[in-house]
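The values are calculated or read from the model by the stated rules, or taken from the named source; none is laboratory data. Small disclaimer: the values here were computed from a predicted structure and weren't measured. Here the Cβ is made from the backbone with ideal geometry for all residues, glycine too, and neighbour counts use every protein chain on show. Areas reflect the complete protein model, heavy atoms only, side chains present, ligands, DNA and RNA absent. Shrake-Rupley method; radii C 1.70, N 1.55, O 1.52, S 1.80 Å.
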Amino acid sequence: TRLRTVTGVQTCALPICIDIKQYYKIGTSAITANYMYAGAQDNGTDRWKAGAWAHVGCCDGMDCMMDYSNDNIAYLSWQNGNFAKTTNGGSTFNTLTLPDAGAWVTPIIINPVNHNSIYIGLSDVYKSVNAGTGWVAISTGLFGTSKITNLAICPSDSNYISASVSGKIWTTRDDGASWFNVTTGLPVTAAGISGITYSSLDPMKMWVCMS
């Protein structure tokens with residue numbers, strides 16, 4: 001591109017437009033390469049499939065998740081804990097009925113053993129055993145009025161689940177029957193908890209991101 005100088009400042013002779021999209025979260029297929037959903041700030045949710053993008057969701061696109069047993073089943077969300085589900089590969093979506101509102105970016109996870117068991121973090125951790133049709137709270141007021149921002153489930157033992165807000169993490173080792181506060185030792189007075197994940201081999205080992 002040719003450059004020219006205007007009042008001492010070097011500028012482009014032709015206008016340049018840079019399109020930038022910020023994705024909050026992505027959900028990828030466990031079956032098919034190059035197949036995913038991605039939730040974008042102010043730009044809804046996009047689907048990437050077979051080398052082509054399609055816009056499939058509204059609003060601020062947030063967390064996404066694909067069923068690891070069936071590419072046709074996927075979940076997308078928009079701000080404050082609104083979720084929808086597709087069973088036909090993203091051609092149509094049906095809104096899920098949830099018992100509460102969520103955080104700006106509300107997390108969703110799937111049980112690694114039973115794909116019909118999914119979890120959403122709202123004011124409590126909610127579990128569905130029928131892929132989003134009905135929900136039951138498996139925690140009770142652990143975070144007060146705060147909304148859960150991170151959820152993780154252990155790949156090697158699905159009884160181990162952790163949930164966090166900015167300054168607190170609770171963990172269950174029996175699918176919600178009992179919970180333990182495991183925040184001690186984290187620098188939560190200096191930084192917020194921005195991510196949690198389990199070791200793929202050891203349910204007693206977990207990594208935490210601070211931001």
Mark the label point 7 Å from the Cα of W104 along Cα→Cβ and return the residues of region 138-166 whose backbone N is within less than 16 Å of it. 146-150, 165-166
So how far, in whole Å, is the C-alpha centre of region 183-211 from the one of region 77-156? 20 Å
Got a sec? What order do R173, R47 fall in by accessible area at 1.4 Å, biggest, i.e. largest, first? R173, R47
Cβ-based net charge around A74, under 14 Å, with every Lys or Arg adding one and every Asp or Glu removing one: 0
If packing is taken as the average count of other Cβ atoms within 10 Å, what order do 68-81, 16-29, 92-105 fall into, highest mean first? 68-81, 92-105, 16-29
Given all pairs of different Cα atoms, what value in angstroms does the Kirkwood hydrodynamic radius of region 74-135 take? 11.7 Å
